[in-house]
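Participant: Submitted below is the structure of interest, expressed as structure tokens.
The values are calculated or read from the model by the stated rules, or taken from the named source; none is laboratory data. If you're wondering where the values come from, they're calculated on a predicted model, not measured in any experiment. In this analysis, Cβ positions are derived from the backbone assuming ideal geometry, glycine residues included, and neighbour counts consider all displayed protein chains.
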Amino acid sequence: MREVWGIPFAGPSSQARELREIHMVARTRRGKARGNGRHDGGRNGQRNRENKTIRYAVVGLGYISQSAVLPAFKNARSNSQLAALVSGDAKKLKLLARRYGVAHVYDYDSYDELLASGEIDAVYIALPNSMHREYTVRAANAGIHVLCEKPLADTPEDCEEMIEACARNRVKLMTAYRLHFERANLEMADIAHSGKLGELRYFSSNFSQQIAPGNVRLKAGLGGGPVQDMGIYCINAVRSLFAAEPLEVIASAVSPRDARFREVPETVTAMMRFPKDRIASFTCSFGSADRSQFELVGTKGSITADPAYEIAEGLAYTLRIGKRTRDKQFQKSDQFAPELLYFSDCVLKGRDPEPDGMEGLADVRVIHALMQSLEAGRWVELEMPQKRRRPTLAQEIRRPGIQMPSLVNAAAPGG
């Protein structure tokens, strides 16, 4: 078996011939682009300065890429361009390249060729968690900027290696926290910090869904698990609302006799102690009905978000201060285009993103401590530096909601 531009090619079948035609077009376009000098091809993410546009490769074409990342480029076209796709699935490459007009497609074995091609300035990494470190470090060493899905990596050590590689190669690294640009969450953090709720006392959250058998989120070796996939939203939310880092954490897990949960627990409940005698708790589950909610309570009032973390619908919150209650609803919006717009702006203007590698590392440190607690059955202490930057309303970017596209060899977490 030989490869035609990174795609396994076994012979003159109709599918193979179609793939060969796609790649011949890609090769022609690639040659013309290089001949016209439109791609700089140098290190440190040389960008198309004339158009002020950052050219992205989306690496990994699973559910989140197909349902949210790829469609978001339409709403981010002012400074972001979908330039390349990377996948091990030839059908995905063929159909999605055609749908989005992408000239450059690669399989995973050809990733380094892509990084050296001069065709991209940045990668959006949407691979299983255990692959984030490798593909980030390889991109950084090639001078390519990195926007990486959360959690940033499997372990704090992996995160630190990613941060160091990007710093050494002078490229930007951003953790893809979509809610750092979403109005409802930013408003709630602003209210929490304003003093309207009085002294903040406690936070509680529930985030759950049913995960279909065989889903990658159920594979421990790929970085799966309810805390890594869902609990991270609760952790990141309370760190933002309290504007502080936890001092110690404890967790407990349950798993029924269900074949889905041979490698990861079904449900995890965690508690986190924060400075100023504040406490947080959350439950995340892969085997429960859909819930997406948190409540923050102070000495004078409270705020309840429901839904709190969703992509597919608009978010909402209820503010209670004394006997007064105010409900606020937000229309559904595209939560991924703002990430692209913001990160591209950071690259173009030489600014460091707020949800940087250190922000991703902070959550992974908490997750790692919770996993230690599950094994040891006790509180685990943390020593985490206080962050200087937190998400604020100044970061809000709103774009209209997108329509769910048809999926190619992919499925929603619930099947």
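Participant: Tell me the residue from Gly401, Gly415 that is touching a residue at least 24 places away in the same chain (Cβ under 8 Å), of a type in the set (Gly, Ala, Ser) and either under 21 Å from Lys332 (Cα atoms) or in contact with a Ser or Thr (Cβ under 9 Å, 6 or more places away or on another chain) (or both), please.
Facilitator: Numbers: Gly415 fails: either under 21 Å from Lys332 (Cα atoms) or in contact with a Ser or Thr (Cβ under 9 Å, 6 or more places away or on another chain) (or both).
Answer to the selection: Gly401.
Participant: If you go through region 249-275 one residue at a time, how many are within 14 Å of Pro226 (Cα to Cα) and not in a strand (DSSP E or B)? I'd like the intermediate steps shown before the answer.
Facilitator: Applying the first criterion (within 14 Å of Pro226 (Cα to Cα)) to region 249-275 yields 251-255, 260-270.
Of the ones still in play, those that are also not in a strand (DSSP E or B) are 255, 260-266.
The total comes to 8.
Participant: Of the numbered conditions (1) touching a Cys at 6+ places or on another chain (Cβ under 9 Å); (2) at pLDDT below 95; (3) polar (S, T, N, Q), Ser255 satisfies every one except a single condition; which is it?
Facilitator: Result: Ser255 fails condition (1) only.
Participant: Within region 312-326, does at least one residue satisfy the condition of being crowded, with 16+ Cβ neighbours inside 10 Å, of a type in the set (Asp, Glu) and more than 30 Å from Asp277 (Cβ to Cβ)? Reasoning before the result, please.
Facilitator: Here is the first cut: in region 312-326, the residues crowded, with 16+ Cβ neighbours inside 10 Å are 315-317, 319-321.
Checking which are of a type in the set (Asp, Glu) leaves us with none.
Among the residues of region 312-326, not one is crowded, with 16+ Cβ neighbours inside 10 Å, of a type in the set (Asp, Glu) and more than 30 Å from Asp277 (Cβ to Cβ), which makes the answer no.
Participant: Moving to a separate point now. Quickly run through region 152-177 and pick out the residues that are crowded, with 21+ Cβ neighbours inside 10 Å and touching a strand residue (DSSP E or B) at 6+ places or on another chain (Cβ under 8 Å).
Facilitator: From region 152-177, those crowded, with 21+ Cβ neighbours inside 10 Å are 152-154, 158-159, 162, 166, 171-177; that's our starting set.
Within region 152-177, Leu152, Met162, Cys166, Val171, Lys172, Leu173, Met174, Thr175, Ala176 meet the criteria.
For (1) within 22 Å of Lys387 (Cα to Cα); (2) of a type in the set (Asp, Glu); (3) in contact (Cβ under 8 Å) with a residue 12 or more places away in the chain; (4) surrounded by fewer than 24 Cβ atoms within 10 Å (Cβ to Cβ), each residue gets a yes or a no:
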site: Phe181; (1), (2), (3), (4): yes, no, yes, no
site: Ser194; (1), (2), (3), (4): yes, no, no, yes
site: Phe207; (1), (2), (3), (4): no, no, yes, no
site: Arg217; (1), (2), (3), (4): no, no, yes, yes
site: Pro246; (1), (2), (3), (4): yes, no, yes, no
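Participant: With the checklist (1) within 25 Å of Ser130 (Cα to Cα); (2) without any contact (Cβ under 8 Å) to a residue 40 or more places away in the chain in hand, flag the one item Asp363 doesn't pass.
Facilitator: Checking Asp363 against (1) within 25 Å of Ser130 (Cα to Cα); (2) without any contact (Cβ under 8 Å) to a residue 40 or more places away in the chain, the one that fails is (2).
Quick grid of which residues meet (1) assigned by TED's automatic domain parsing to the domain that holds Ala316; (2) under 27 Å from Met230 (Cβ atoms); (3) under 21 Å from the mean Cα position of the chain (by Cα):
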| position | (1), (2), (3) |
| --- | --- |
| Ala116 | no, no, no |
| Ile120 | no, no, yes |
| His132 | no, yes, yes |
| Arg138 | no, no, yes |
| Val146 | no, yes, yes |
| Glu157 | no, yes, yes |
| Glu160 | no, yes, yes |
| Ala167 | no, no, yes |
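Participant: Here are Asp277, Asp229, Asp290: which of them is touching a strand residue (DSSP E or B) at 6+ places or on another chain (Cβ under 9 Å) and more than 23 Å from Val69 (Cα to Cα)? Show your work before the answer.
Facilitator: Numbers: Asp229 fails: more than 23 Å from Val69 (Cα to Cα); Asp290 fails: more than 23 Å from Val69 (Cα to Cα).
Going through Asp277, Asp229, Asp290 in turn, just one is touching a strand residue (DSSP E or B) at 6+ places or on another chain (Cβ under 9 Å) and more than 23 Å from Val69 (Cα to Cα): Asp277.
Participant: Then there is this: Restricting to region 167-220, name every residue that is of a type in the set (S, T, N, Q), touching a helix residue (DSSP H, G or I) at 6+ places or on another chain (Cβ under 8 Å) and within 21 Å of Gln395 (Cβ to Cβ).
Facilitator: Thr175, Asn185
Participant: Restricting attention to region 357-394, which residues are among the basic types (Lys, Arg) and in contact with a Pro (Cβ under 8 Å, 6 or more places away or on another chain)?
Facilitator: Selection gives Arg365 alone.
Participant: Of all residues in region 232-251, which are of a type outside the set (A, V, I, L, M, F, W, C) and touching a strand residue (DSSP E or B) at 6+ places or on another chain (Cβ under 7 Å)? Break it down into steps so the answer makes sense when it comes.
Facilitator: Of the residues in region 232-251, the ones of a type outside the set (A, V, I, L, M, F, W, C) are 233, 236, 239-240, 245-246, 248.
Passing the criteria: Tyr233, Pro246, Glu248.
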